[in-house]
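First the structure, in the form of structure tokens, and then the observations on it.
Computed from the coordinates by the stated procedures, all read-outs in this text should not be read as laboratory data. None of these values were measured; they are calculated from a predicted model. Glycine also receives a Cβ, built like all others from the backbone with ideal geometry; neighbour counts cover every protein chain displayed.
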Amino acid sequence: MSVAAAGAPVLPAGRTSIRSRALQRIATAAAAESADVPPQAVQARLGDAGGRLTVSIATPVSLGAGTSGTIVERAAAIADAVSSCLDSLAGRSVERVHVRVSGLQQQRRRVR
Amino acid sequence: MSLERAEAVQRRVLRRELHSSRAGAAITVAVILILLLAALGALCVLLALRSPLVSGVPDGLQAALAQLAGSAPPAPAVAGGVVAALLGFLLVLIGAAPGRRRRRALPSERAAVVADDAVIANALAAEAASVAGVERGQVRVVVGRRRATARIVPTSGIDVDTDAVREALVRNAPVYGLARPPRVVVADEGRVGS
């Protein structure tokens, strides 16, 4: 074992890789949370454009108490959530997000 | 063993390792020549004895030429000629070609060190993958005689630091016996997961 220089934390050797399945789940979860729908209702596809990450999302959005904004605004918020989640969680910079609103849902009832 | 002698042995060993042997071709040619000369000798003896086995053979060069003149050469002779020409061409190629193997001598003070190009390609690819932060399978390295080329498929959404990769490979190039700095090419299309 080598002795670490004082103060500087030494990373163990090795590499972290994130499979596309995990990235896809991150995108799905972020979109579902932003659209306020269950993740099963969301379809996310990842692709590549010239080395940059592209995402296309198909999701319903929920309407009802506690939601605001037009559907276009909601879609923009979903795109932003997906992009920032992939960046902050997986370190992937996202080139573009397509959001297709596939339907409207009543807001989920929260059971306490 | 004196130092010069050791160095001479080392040079000789390296040469033998880096170039393919011509012994097979040389032995084949020698065997064929022995058979042909033996056949010629046997023919001479039979002719001198006026054996009935060679009764069809014309007497003397002039008679043989006269027999050949005016008629198309027989098919077996043509086929034999073509085969002989091809064989000769092949032998010239074998003799003139450098016969280098896909391996190279690595600089070393103490011993004659030889590495296969595939081994060097592997080492370069591992280095490139670790510097670029991509999976080993996303790097493909081809080692030519003088220069290596590394092709990297980036992970979508993560930039590959091409300069850092190039610098790392260039630093190692002399160790791997490459005369020119390796090329680094990053593919246009990336791969989604890594």
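Points to keep in mind about this one:
- Exposure proxy order (Cβ contacts within 10 Å, fewest to most) of B:E135, B:E127: B:E135, B:E127
- Inter-chain Cβ neighbour count for B:147-156, averaged per residue, equals 3 (cutoff 10 Å, partner chain atoms only).
- Rh (Kirkwood; distinct C-alpha pairs) - the range A:20-103, Å: 12.6 Å
- Equivalent ellipsoid, the range B:10-82 (semi-axes from 5 times Cα gyration tensor eigenvalues, Å): 41, 18, 9
- Between B:L93 and B:A30, the modelled labels are 2.4 nm apart [label points 7 Å from Cα along Cα→Cβ].
- Each Cα pair under 8 Å and six or more residues apart adds its sequence gap; the mean of these over the residue count of the range B:103-186 is a relative contact order of 29 percent.
- Residue-by-residue Karplus 3J(HN,Hα) for the range A:42-58, coefficients 6.51, -1.76, 1.60, Hz, glycine and proline x: 9, 10, 10, 10, 10, x, 10, 10, x, x, 9, 7, 10, 10, 10, 10, 10
- Backbone phi angles across the range A:76-85, fed through the Karplus curve with coefficients 6.51, -1.76 and 1.60 (θ = phi - 60°), yield HN-Hα couplings of 4, 5, 4, 4, 5, 4, 4, 4, 6, 5 Hz in residue order; Gly and Pro are listed as x.
- Residues whose amide H falls under 5 Å from that of B:A187, counting only those 5 or more places apart or on a different chain, are B:I152, B:V153, with hydrogens built in the peptide plane.
- Counting charges near B:A168 (Lys, Arg +1; Asp, Glu -1) among other residues having Cβ under 14 Å from its Cβ returns a value of -1.
- Full-extension gain in nm, B:V185 to B:A118, via 0.36 nm per residue minus C-alpha separation: 22.2 nm
- Between B:R140 and A:Q43, the FRET efficiency estimated from the beta carbon spacing at R0 = 30 angstrom works out to 0.35.
- Note on A:S93 and A:S56: the extension gain reaches 11.9 nm, defined as 0.36 nm multiplied by sequence separation minus the Cα-Cα distance.
- Among B:A148, B:A96, B:A168, the residue with the largest mean-square fluctuation in a Gaussian network model of chain B, with springs joining Cα atoms closer than 10 Å, is B:A96.
- The mean of 1/r over all pairs of different alpha-carbon atoms in the protein assembly as shown, once inverted, gives a Kirkwood hydrodynamic radius of 27.4 Å.
- Nearest-0.05 FRET efficiency for B:Q67 and B:A39, computed from C-beta distance (R0 22 Å): 0.60
- For B:R103, the residues whose modelled amide H falls within less than 5 Å of its own, excluding neighbours fewer than 5 places apart on the same chain, are B:D117.
- Convex hull volume per residue for chain B, taking Cα atoms only, in Å³: 238 Å³
- Rh (Kirkwood; distinct C-alpha pairs) - the range B:1-46, Å: 13.8 Å
- Residues in the range B:3-8 carry Karplus couplings, in order, of 5, 4, 4, 4, 5, 5 Hz; the curve used is 6.51 cos²θ - 1.76 cosθ + 1.60 with θ = phi - 60°, and Gly or Pro positions show x.
- Shape category assigned to the range B:103-186 from the gyration tensor of Cα positions, a/c cut at 1.5: prolate
- Angle between chain B longest axis and helix B:23-48 axis [Cα atoms, degrees, rounded to 10]: 0 degrees
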